[in-house]
Amino acid sequence: MSPQASRTTSQRPTNSRNNPRRPATRRPGTSRDGNGPGKPIVITKPILGEIAADNPFVALGVPEILAQVLAGQGILEPFPIQQATMVDALANRDVLGQGRTGSGKTLAFALPLVATLANNPKPRAAGRPRALVLVPTRELATQVAAVIEPLAAAVDLRVTTVFGGVGHGPQRSAFSQGVEIVVACPGRLLDHMQAKDVSLDRVEITVLDEADHMADQGFLPIVRKILDATDSQGQRMLFSATLAGGVDSLVKRYLDNPVSHAAEVEAPVLLDHHVLVVSDADRPGAIHELASRGRVVMFTRTKSRAKQLTRKLETGGINAVEMHGNLSQNARERNLLAFSSGTAKVLVATDIAARGIHVDDVPLVVHADPPIEHKAYTHRSGRTARAGAAGEVITVATPDQVAEVRMLLKKAGVTATWTGIKVPANSALPRSTASSSHRNSNSNYGNRRPSGARTR
């Protein structure tokens, strides 16, 4: 797959840790069985693919064995954010990476993290990991670990996930048996630190993934406590789609003259945005029509609304599953698996899934309820058009929501095609006017694909 054009900025500082590292030469080793939340994530020896002499990952400094793991997964070329950050990350510099959701940020930090640990092998120590990745949600922790684990297995490193919603016991056991890499949500990790299950004094590399989302959720005080417990001379990498909120304070306090890169920050050119304006009475029917189009992620504002909409779709003959904070971890994983495998055609989710899931081949995202703020719109919409694929985003709005949706899109930097009820440019129609006009203006919407300018 050819990388899309990127926009990259770089400032290369003088840093006491700027020592380029050599490619790893260690061969895969065997490791014990066991997986699942809170257990060391280990897999059988990964499939190694053939790589050409001019493999672009190797050209960036990635060890050949890791490039072979990627080739075995069909990954032969780096994405722009990976190209932009890889050399500096492998040189042990602190890195500040910004890229849109779905742009390949996980591999951008996973490859240098695994390579650095493999290049400097040390005995495994109980309760003292060597690398830490902090993420805001359970789902993101699971998916980040899934990217890291085959790379780690190829060089005999162990990975574990740490998050709430499951028992402490298996996670405590994983620490005691020894893991090199921990992918964790801040709250549960702090619990283990306070219980003396884990010490971070041996951590050489710390990654903050989706740092702005952790800031939005109020995790910054906990994140600071965690970072204060790591080696101040260790490498720090911060990756996010946006660098807002309290992220600047983290950068200033914990990153040492970071090399800053941005790639694919803008919305992807293959993502079409639409707003469908409907009356309150016609809204359920419009949502049902959109859900009938196939593989769809639908977002709601509240957990109760997600549950209610899922039941309505199922009653209407559409196989749908829900994703929200009231579900147990087992239920979340079961529903996500059903959607990923295609058993369920629609995933109805709150903003908990706006950044925490990655599912390939999702052609349509529907904002069944418009989000409250523009960053949520950006990250919800990022569930489609991932990794260079095309996608479509439709926001369903009633006339009294038009003004807020216009402001939302403006702040998100999005140009959308409007269909449905005609609403004056600077005002919203009252509900009574909207209800009487909808059927004539939008009766065939569900049977056609809206055409409109692509966002650039």
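Remarks
- One residue alone among Ser232, Ser260, Ser176 is closer than 28 Å to Lys411 by Cβ and among the polar types (S, T, N, Q), and that residue is Ser260.
- Of all residues making up region 172-199, the number that are over 17 Å from Leu157 (Cα atoms) and under 25 Å from the mean Cα position of the chain (by Cα): 8
Here is a yes/no grid of residues against (1) modelled with pLDDT of 95 or more; (2) of a type outside the set (Asp, Glu); (3) farther than 22 Å from Lys252 by Cα:
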{"site": "Ala67", "(1), (2), (3)": "yes, yes, yes"}
{"site": "Leu96", "(1), (2), (3)": "no, yes, no"}
{"site": "Gly99", "(1), (2), (3)": "no, yes, no"}
{"site": "Val133", "(1), (2), (3)": "yes, yes, no"}
{"site": "Gln143", "(1), (2), (3)": "no, yes, yes"}
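- Qualifying residue in region 13-24 (condition: modelled with pLDDT of 65 or more and surrounded by fewer than 16 Cβ atoms within 10 Å (Cβ to Cβ)): no
- Filter result for Leu327 (touching a Gly at 6+ places or on another chain (Cβ under 6 Å) and either outside the structural domain of Glu404 (by TED's automatic domain parsing) or not in a helix (DSSP H, G or I) (or both)): no
- Residue count, region 302-323 (criterion: more than 19 Å from Leu337 (Cα to Cα) and either outside the structural domain of Ile352 (by TED's automatic domain parsing) or touching a residue at least 40 places away in the same chain (Cβ under 8 Å) (or both)): 4
- Check on Val277, modelled with pLDDT of 85 or more, crowded, with 24+ Cβ neighbours inside 10 Å, closer than 18 Å to Glu404 by Cβ and not assigned by TED's automatic domain parsing to the domain that holds Gly104: yes
- Only residues that are not hydroxyl-bearing (Ser, Thr, Tyr) and not in a helix (DSSP H, G or I) were counted across region 49-106, and they come to 30.
Conditions (1) under 23 Å from Glu373 (Cβ atoms); (2) outside the structural domain of Pro121 (by TED's automatic domain parsing); (3) in contact with a His (Cβ under 8 Å, 6 or more places away or on another chain), marked per residue:
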position: His168; (1), (2), (3): no, no, yes
position: Glu180; (1), (2), (3): no, no, no
position: Asp191; (1), (2), (3): no, no, yes
position: Glu204; (1), (2), (3): no, no, no
position: Pro221; (1), (2), (3): yes, no, no
position: Ser240; (1), (2), (3): yes, no, yes
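- Residue match in region 365-372 (condition: surrounded by 15 or more Cβ atoms within 10 Å (Cβ to Cβ), outside the structural domain of Gly99 (by TED's automatic domain parsing) and charged (D, E, K, R)): yes
The values are calculated or read from the model by the stated rules, or taken from the named source; none is laboratory data. Note that the coordinates shown come from a computational prediction; the quantities given were computed from them, not determined experimentally. Cβ coordinates were reconstructed from backbone atoms using ideal geometry, including for glycine residues, and neighbour counts include every protein chain displayed.
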